[in-house]
Amino acid sequence: MVFKVSNLLTEYKKHPPVMDSEKIQFTGVGERDVYNITAPFLDEGEWVIAARVEGRHTEDSDVIFFVKESDVWSPRTNTASYNLQDPFVSTIHGQLVFGGVKISPHPTKEGALTWKTVFYKGESINDLHFFAEGPDGMKDIRLLQLEDHRIGVFTRPQGEKGGRGKIGYTELNSLEQLQASLIDQAPLIAPHFTEEEWGGVNDLHLLENGKIGVLGHIASFDEQGDRHYYPFTCIYERQTNQLVGMNIIATRNDFPEGPAKRPDLKDVLFSGGLVQLEGGKAELYVGVSDAEAHKAVILNPFTRK
């Protein structure tokens, strides 16, 4: 099935799941913006958020780990930062897997940038060491340990294979098998985005029924060239290689007003992570307009399916 932003928005407006939302307060980074965060995760008994931190007029970004003090998140002491964008975390075979997007000057195009996803693993944040990298030009690579202990790998090729950005999937037996060539060869999931739109996977959940719950983003341009990003959830069916039941779960209007990095990024929500709560609810963590980080309480999209 092909999913299109306009159709998903029509369905979203019938039953908007956002119940409450707020901006997350960060401190200790000077005048820099904090956005594109992970959901909180436990590290050595302490709840931590990894976040993209950068100045308003640059993309030279650091990933910093924050801990909560009262109602404000502050940089964790004695913890390294990484010169990366858009962090993510998962737990694979008992190890913390952390990654982000590494930006570097393009080798042939003056003034242009290129990027790749890099991966670190360890027993904890302070034990991380580099172990793998994705193909040049690919973001939104995410990992999930499956019920049979294999590793599901979601990819996002662009260009000849993926157009503006589509989702692929493959499986590994171990983290040692995670290599750029294997990631690049992952087959695309059955048609899901139109050629004019794009998206990727941001966070993964192994559900009680053994299926894979996906939190991702779908995006489009309007006639003025402005970008529009929306978080979605769906189920990935391994047996049929399909994304099932895709729904937009929030829009920019569901969150408090705030600044944007650029005017064309005003309507951007970048999915960071989702925490399933009791009582049929969940917390959604998002980067907002490439300038802030917010969270929302929503109806749990995975127990509704």
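The values are calculated or read from the model by the stated rules, or taken from the named source; none is laboratory data. Bear in mind that the values here come from a model prediction, so they are computed numbers and not experimental data. Glycine gets a Cβ as well: all are built from the backbone with ideal geometry, and neighbour counts include every protein chain shown.
Filter segment 13-24 down to the residues that are in contact (Cβ under 8 Å) with a residue 24 or more places away in the chain and either farther than 26 Å from Tyr230 by Cβ or exposed (fewer than 14 other Cβ atoms within 10 Å of the Cβ) (or both) and list them by number.
Matches in segment 13-24: Met19, Asp20, Glu22.
Based on this model, can you work out whether Phe98 counts as touching a Leu at 6+ places or on another chain (Cβ under 8 Å) and under 20 Å from Phe41 (Cα atoms)?
Against the criterion (touching a Leu at 6+ places or on another chain (Cβ under 8 Å) and under 20 Å from Phe41 (Cα atoms)), Phe98 qualifies.
How many residues does segment 25-42 contain that are free of Cβ contacts under 8 Å to residues at least 12 places away in the same chain and within 20 Å of Lys261 (Cα to Cα)?
The total comes to 1.
Any idea which of Leu188, Leu207 is of a type in the set (A, V, I, L, M) and touching a residue at least 60 places away in the same chain (Cβ under 8 Å)?
Leu207
Residue under question is Leu143, and the condition is that it be out of contact with any Lys or Arg (no Cβ under 6 Å at 6 or more places or on another chain), among the hydrophobic types (A, V, I, L, M, F, W, C), in a strand (DSSP E or B) and over 22 Å from Pro17 (Cβ atoms); does it hold?
yes
Of the residues in segment 79-128, how many are among the aliphatic types (A, V, I, L, M), in contact (Cβ under 8 Å) with a residue 40 or more places away in the chain and either in a strand (DSSP E or B) or out of contact with any strand residue (DSSP E or B) (no Cβ under 8 Å at 6 or more places or on another chain) (or both)?
Here the count works out to 7.
Tell me yes or no: at least one residue of segment 110-118 is within 30 Å of Asn173 (Cα to Cα), among the acidic types (Asp, Glu) and either at pLDDT below 95 or exposed (fewer than 13 other Cβ atoms within 10 Å of the Cβ) (or both). Before you say what the answer is, go through the steps one by one.
The first filter runs over segment 110-118 and keeps only residues within 30 Å of Asn173 (Cα to Cα), leaving 114-118.
Right, trim to among the acidic types (Asp, Glu) and you get none.
Scanning segment 110-118 turns up no residue that is within 30 Å of Asn173 (Cα to Cα), among the acidic types (Asp, Glu) and either at pLDDT below 95 or exposed (fewer than 13 other Cβ atoms within 10 Å of the Cβ) (or both).
Have a look at Gly45, Gly55, Gly134 and point out the one that is surrounded by fewer than 16 Cβ atoms within 10 Å (Cβ to Cβ), touching a residue at least 24 places away in the same chain (Cβ under 8 Å) and small (Gly, Ala, Ser).
When all the criteria are applied, what remains is Gly55.
Scan segment 5-51 for residues that are farther than 15 Å from Thr251 by Cα, in contact with a strand residue (DSSP E or B) (Cβ under 8 Å, 6 or more places away or on another chain) and not hydrophobic (A, V, I, L, M, F, W, C) and jot them down.
Of everything in segment 5-51, those that are farther than 15 Å from Thr251 by Cα, in contact with a strand residue (DSSP E or B) (Cβ under 8 Å, 6 or more places away or on another chain) and not hydrophobic (A, V, I, L, M, F, W, C) turn out to be Gln25, Thr27, Gly28, Arg32, Asp33, Tyr35, Asn36, Thr38, Pro40, Asp43, Glu46.
Only one of these is free of Cβ contacts under 8 Å to residues at least 60 places away in the same chain and among the small types (Gly, Ala, Ser): Gly272, Gly225. Name it.
Gly225
Name the single residue, out of those in segment 24-78 being among the hydrophobic types (A, V, I, L, M, F, W, C) and in a loop (DSSP other than H, G, I, E, B), that is farthest from Ser104 (Cα to Cα).
Restricting to residues being among the hydrophobic types (A, V, I, L, M, F, W, C) and in a loop (DSSP other than H, G, I, E, B), the top hit is Ile24.
Checking the condition surrounded by 15 or more Cβ atoms within 10 Å (Cβ to Cβ) and more than 18 Å from Trp73 (Cβ to Cβ), which residue from Lys295, Lys266 passes?
Lys266
Residue-wise test of (1) crowded, with 18+ Cβ neighbours inside 10 Å; (2) out of contact with any strand residue (DSSP E or B) (no Cβ under 9 Å at 6 or more places or on another chain); (3) at pLDDT 95 or above.
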residue	(1), (2), (3)
Thr170	no, no, yes
Ser174	no, no, yes
Ala186	yes, no, yes
Phe193	yes, no, yes
Leu206	no, no, yes
Gly216	yes, no, yes
Tyr230	yes, no, yes
Glu257	no, yes, yes
Lys261	yes, no, yes
